[in-house]
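The values are calculated or read from the model by the stated rules, or taken from the named source; none is laboratory data. Predicted model only: the values in this text are computed from it and were never measured. All Cβ positions, even for glycine, are placed from backbone atoms using ideal geometry, and neighbour counts span all protein chains on display. Please note that ligands, DNA and RNA were not included when accessible areas were found on the heavy atoms of the full protein model with its side chains. Shrake-Rupley method; radii C 1.70, N 1.55, O 1.52, S 1.80 Å.
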Amino acid sequence: MQDQDFTTSFAVDQTPEEVFHAINNVRGWWSEDIEGSTDKRGAEFTYGYQDVHRCRIKIIEFVPGTKVVWRVLENYFSFTEDRTEWKGTEVSFEIARKGNRTEVRFAHLGLVPEYECFDVCSNAWGSYINGSLRSLITTGKGRPNPKEKRRAVAAG
């Protein structure tokens, strides 16, 4: 059986430039807890969700109105035997004008069915991309993970 990376796509009425801007507003559709710059080539940022998932990502391609590619430099999952499954994989957003609509093609290159996290991660990406990102593009409001409340540590 051939490897099958996770992919999904959708089309919207907004321009490629508007779509590109929304994709790079990662705090607006993935997580409000992103740390670091998410809108220029070479930038690095971190993502975290509770004690379940953390990763560090570098933007390796950044072509305005056309394409963004991230490389996962470090990864931690609390729920898989190989806690680093995403390390070295790439997340790609391709934007193309199709008639009077703009198509967004998302791929997580290296996220394949052989991975323990494939089902959970595919479902999560599907929700973030087809739900939250699409909503951010079309309505101006996404549904990112909220910023986590940090517990105050008592002195003494």
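Quick one: angle between helix 118-127 and the longest Cα principal axis of the chain, in degrees between 0 and 90, rounded to 10, please.
Computed tilt is about 60 degrees.
From the helices alone, meaning DSSP H stretches of at least four residues, give me the mean residue ellipticity at 222 nm for the chain, per-run term -39500 (n - 2.57), in deg cm²/dmol to the nearest 500. Please report the intermediate quantities before stating the final value.
Details: 4 runs with 28 residues, N = 156.
Rounded to the nearest 500, the figure is -4500 deg cm²/dmol.
Given a 1.4 angstrom probe, I'd like the percentage of the accessible area of the chain that is carbon and sulfur, rounded to a whole number.
Carbon and sulfur: 47 percent of the exposed surface of the chain.
Quick check for the chain: number of Lys pairs with alpha-carbon distance under 23 Å, counting only pairs 8 or more apart or on different chains?
Summing the qualifying lysine pairs gives 12.
Would you check the accessible area of Arg83, probe 1.4 Å, heavy atoms only, in square angstrom rounded to 10?
Its accessible surface works out to 100 Å², give or take rounding.
Could you check the simple spin-label distance between Gln14 and Arg54, using points 7 Å along Cα→Cβ, in nm with one decimal?
3.1 nm
Roll a 1.4 Å probe over the protein chains and send me the accessible area per residue for the chain in Å².
Details: 8650 Å² over 156 residues.
Per residue, the chain has 55 Å² of solvent-accessible surface.
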